[in-house]
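Here the structure comes first, spelled out in structure tokens, and everything after it is commentary.
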Amino acid sequence: MFEHSVYIAAAYSVTTLVLAWCALAPVLRAKKVRSQIARVVTRTGVDNKQ
Amino acid sequence: MSSKNPLIVFFHKLGSAPHFYRISGKLIPWLWAIFVVLAAAGTYWGLFRAPPDYLQGESARIMYVHVPAAWLSMMIYALMAIMGFIALVWRIRLAEILMISSAPIGAAFTIIALATGSLWGRPTWGTYWVWDARLTSELVLLFLYLGAMGLHSAIDEPRKAARATSLLVLVGVINLPIIHYSVEWWNTLHQPASIGVKGNSIDPSMLWPLLINATAAKFYYGANLLTRTRLRLMEQDSRKNWVRNILVPNKGQSTDGGDH
């Protein structure tokens, strides 16, 4: 084990968690948005381009 | 003439939402793959192959995540300011979306820089936090990111929101030289830069993992930025045919609908 390994482990864990959250958040949101848009298009089937 | 220049044609096409969506969709997996390879190599090298620092000991290994995060936190803000300027002057919608999509990523890197710096400070300085000029100006950068995100989400109309946010981001640029030169202008606890244009005072065995992780962080930013930009484009254009064609191909009509 390293000297000060607790601080080193904490630093790498914080980095991994923040980066993972920041990368996953838009993917999960895109999934939700895609299904919402697809539901509206399937239901209405209207071409209402703006 | 100039419009036939392939480079100009490429950038002109890139400004079109459907074209950007298609190109970025192909790029994203490659950017993630390069990030994973580089981050794995840099982290392994930094944790297990690089020697401990002669003064700071093993805790200097935190530097391999702290320094790239701090660099990216400033670089992303500078890029946001450039995109904000383009958005204000030329009213390019893609620049507006790229700018606001960068803010959460910049905020994430600022949080990492502050948190890892704090975890490095405890064994090195004996405290998690001091109101040092470098630390305080980096904290102000986090508030600027949060302020930009808050302002953008407070205005319903996306293009008005982008213009207001661009102005805020441009005003906040003043903080970047303050962060960079804080260790020279004031007597700070934070050490001066070890790497600069005039050379560096860091051994190659420690420099390489640092540079690899810094490069990995840039690929992370690229992949994440494109993912977030695609999401915002899809949300803003949800009633346009190009989005509908992608999501429900048989219901869409034409493939046009992108704007600049």
Checklist outcome for this item: The Kirkwood hydrodynamic radius of chain B, taken as the inverse of the mean 1/r over all distinct Cα pairs, in Å, comes to 20.2 Å
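Take the residue pairs B:K4/B:K218; B:K26/B:K240; B:K13/B:K160; B:K160/B:K218; A:K31/B:K240; B:K4/B:K160 and return only those whose Cα atoms are more than 26 Å apart. Walk me through the numbers on the way to the answer.
Details: B:K4/B:K218 32 Å; B:K26/B:K240 22 Å; B:K13/B:K160 24 Å; B:K160/B:K218 29 Å; A:K31/B:K240 18 Å; B:K4/B:K160 33 Å.
Pairs exceeding 26 Å: B:K4/B:K218; B:K160/B:K218; B:K4/B:K160.
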Checklist entry - Rounded to the nearest 20 Debye, what is the dipole magnitude of the range B:1-122 about its Cα centre when Lys and Arg each give +1 and Asp and Glu each give -1 at the C-beta? => result 480 debye
Next on the checklist: Please list, in order along the range B:95-100, the HN-Hα scalar couplings obtained from phi with the Karplus expression 6.51 cos²θ - 1.76 cosθ + 1.60 (θ = phi - 60°), rounded to whole Hz, x for Gly and Pro.
Outcome noted: 5, 4, 5, 4, 5, 6
Item to check | Expected 222 nm ellipticity per residue - DSSP helices of 4 or more, -39500 (n - 2.57), all of chain B, to 500 | outcome: -24500 deg cm²/dmol
Next on the checklist: Quick check on packing: order B:130-137, B:97-104, A:37-44 by the mean number of other C-beta atoms within 10 Å, highest mean leading.
Outcome noted: B:97-104, B:130-137, A:37-44
Checklist entry - Sorted by mean Cβ packing within 10 Å, highest first, what order do the peptides B:148-157, B:60-69 take? => result B:60-69, B:148-157
Checklist outcome for this item: With bins of 20 Å, the percent of all Cα-Cα pairs of the protein assembly as shown per bin from 0 is 30, 52, 17, 1
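Residues of B:115-125, mean number of Cβ from any other protein chain within 10 Å of their own Cβ, rounded to a whole number?
Details: counts 7, 8, 1, 4, 10, 4, 1, 4, 5, 2, 0.
For this peptide, the per-residue mean of nearby foreign Cβ atoms is 4.
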Next on the checklist: If you average the alpha carbon positions of the range B:179-237 and of the range B:8-40, how far apart do those two centres end up, in angstrom?
Outcome noted: 21 Å
Checklist entry - Over the Cα atoms of the range B:60-191, what is the Rg over Rh ratio if Rh follows Kirkwood? => result 1.03
Item to check | Relative contact order of chain B, defined on C-alpha pairs under 8 angstrom at six or more residues apart (%) | outcome: 31 percent
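Based on the alpha-carbon set only, what is the convex hull volume of the range B:5-81 divided per residue, in Å³? Mind dumping the intermediate values first?
Values: hull volume 10.7 nm³, N = 77.
Convex hull volume per residue, Cα atoms: 139 Å³.
Assuming 0.36 nm per residue, please report the length gained on full extension of the stretch B:D203 to B:R22 beyond their Cα-Cα distance. Present the calculation step by step, with values, prior to reporting the outcome.
Numbers: separation 181, 0.36 × 181 = 65.16 nm, distance 4.31 nm.
Residue separation times 0.36 nm, minus the Cα-Cα distance, leaves 60.8 nm.
FYI, it's all coordinate maths here, none of it is from the lab. Keep in mind that what you see is a predicted model, and the values were worked out from it rather than measured. Positions of Cβ are generated from backbone atoms using ideal geometry, with glycine treated the same way; all protein chains shown enter the neighbour counts.
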